[in-house]
Amino acid sequence: MANTSPARIWAMRAAFPALALLIMFFHLLPLNTEPRFWAPPDFLLLLAITWSQRRPDFVPALSIALVMLLADLLFHRPPGLLALLTVLACEFLKARAAPHRESTFVSEWLAAGVTLIGMAVLNRLVLVVFGVAQAPLSLTVIQIVMTIAAYPLAVWVSQAILGVRKLSPSEAETLMSRR
């Protein structure tokens, strides 16, 4: 039951923005100044989606919104667009991953993949409608494919290193009774 204690929940709620800042820091480091012909996975988005599906109580919507808005500003993306899409996607996944439902890893991975593809399509569509310059379609597709392929790694790191596991039915019942 230590996994559902209020202290653990608040510690993990603080860990989410801390990990997000760490990811942003490493993303902004100028390790390679030459342009790449491929796009790496979006680990920040993976962190938010993984935690939203596994432990929705660790990532409140406001925390996701603030982290992603900061990322939009730091990465010179249109402010708020990807933050809004991420909050909507994470809230959709939180509602889908209700505590009383048992799902397999494959269905969880598929839901994350479909959600990521939907986010990418909506992002490109909004950018086209407003005439905003964007990356080539091939880079966007490569990044989405790499992000979907990296989902098992994000789950493994979250579970093995950070201890973010799915709630058991008894833990879910304990959390629901506290609300």
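The values are calculated or read from the model by the stated rules, or taken from the named source; none is laboratory data. Everything quoted here is computed from the prediction, not taken from an experiment. Here the Cβ positions follow ideal geometry from the backbone for every residue, glycine too, while neighbour counts run over all protein chains shown. Just the protein is used for accessible areas: all its heavy atoms, side chains included, with ligands, DNA and RNA removed. Shrake-Rupley method; radii C 1.70, N 1.55, O 1.52, S 1.80 Å.
Worth pointing out:
- All positions within the range 1-46 that are farther than 18 Å from F75 by Cβ and not hydrophobic (A, V, I, L, M, F, W, C): N3, T4, S5, P6, R8, R13, E34
- Annotation note: of L137, L88, the sole residue that is over 20 Å from L46 (Cβ atoms) and aliphatic (A, V, I, L, M) is L137.
- Residues being under 21 Å from the mean Cα position of the chain (by Cα), open to solvent by less than 60 Å² (accessible area, probe 1.4 Å) and either aliphatic (A, V, I, L, M) or at pLDDT 95 or above (or both) - total across the range 161-179: 3
- Members of the range 57-68 found to be closer than 22 Å to A150 by Cβ, part of a helix (DSSP H, G or I) and either open to solvent by 30 Å² or more (accessible area, probe 1.4 Å) or aliphatic (A, V, I, L, M) (or both), listed by number: I64, V67, M68
- Scanning the range 69-108 for residues that are among the acidic types (D, E) and open to solvent by 50 Å² or more (accessible area, probe 1.4 Å), we see that the one that is modelled with the lowest pLDDT is E102.
- Of all residues in the range 1-56, those satisfying the criterion of being open to solvent by 40 Å² or more (accessible area, probe 1.4 Å), outside any helix (DSSP H, G or I) and either in contact with a helix residue (DSSP H, G or I) (Cβ under 7 Å, 6 or more places away or on another chain) or of a type in the set (A, V, I, L, M) (or both) are M1, L29, L31, W38.
- The set of residues in the range 136-160 being touching a residue at least 40 places away in the same chain (Cβ under 8 Å) and open to solvent by less than 50 Å² (accessible area, probe 1.4 Å) consists of L139, T140, T147, A150, Y151, P152, A154, V155, S158.
- Enumeration of residues in the range 72-92 that are touching an Asp or Glu at 6+ places or on another chain (Cβ under 9 Å), under 18 Å from T50 (Cβ atoms) and in contact (Cβ under 8 Å) with a residue 40 or more places away in the chain: L82
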